[in-house]
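Worksheet: the structure to be examined is printed underneath.
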Amino acid sequence: MMRLLRSRSRRALVAVVLALGLTASSSGIAAADDIVVAINTKDGSSIFKFGFHISRVMGDVVDQTNAAVAVSSCADCQTVAVAIEVVLIMSDASVITPTNEAIALNYQCTACETLASALQFVLSTGGPVHFTADGNKEIADIRKELHDLAHSNLPPDEILQKLDGLKQRLAQVLSTQLVPAGNPKNAGLSPAPFESPSPSPSAVPSGSPSAPESPASPSGSSTPEPSPSSSPS
């Protein structure tokens, strides 16, 4: 009976986290949004979920949501959620309100490690563009390294270091390997980012191995620029 009550409590907690964390800043979740949710309720286990999404926007409204949510309610466990999104604005959009959020939550945890990291790049390209062959190869390599990282069982601090390296590589690709579509003479030229070419990282490391309940403050950014957000707990 106690186990059933605890299970219901965990499900209710997760529902509240998703409702407050993901809908507070947007009216809904669109198909192009990148939402990664990792929920761990098994003692002694490790869960790592990630998403890598590239959106090409041709319309008037840019309101993509990139979010990583990690929830732990277990003992001696590790939970990681990583969301990476690139939004390429190929039109003269008049509404640009992207959302980037990372939420990490420990609930009735003992010796648990929880990490949520969200990284969003939003660039205005001035028209249709595509990646060069080298750019596509580098993006494929980044995806593979994310996959390998998900199976590495590294601690959160080392995961963040690896993610920082991948972030820098992705920023380099966006700066040098985007070229105008249908115009090979311009190969090698890169469009200017919408506002800022350099990401502004945000990390809030805080360990809580034995606290019964210690929600981490969500950290996100809705500014139209590369805006990574990490929220370890």
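Throughout, read-outs are computed from the coordinates displayed, never taken from laboratory work. Model, not experiment: these values are computed from the prediction. A quick note on method: Cβ atoms are made from the backbone with ideal geometry, for glycine too, and the neighbour counts reach across all protein chains shown.
Tabulated values for the structure
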item	result
Net charge of Cβ neighbours under 14 Å - reference Asn153; Lys, Arg +1; Asp, Glu -1	-4
Segment 94-125 versus segment 149-163: alpha-carbon centroid distance in Å	16
Calculated from backbone phi, Karplus (6.51, -1.76, 1.60) coupling profile of segment 137-153 in Hz, x at Gly/Pro	5, 5, 5, 4, 5, 5, 4, 5, 5, 5, 4, 5, 4, 5, 10, 8, 6
Environment charge at Ser55 (Cβ cut-off 14 Å; Lys +1, Arg +1, Asp -1, Glu -1)	-3
Partner aspartates and glutamates for Lys144 [C-alpha distance under 19 Å; skip if fewer than 8 residues away on the same chain]	Asp34, Glu85, Asp134, Glu158, Asp164
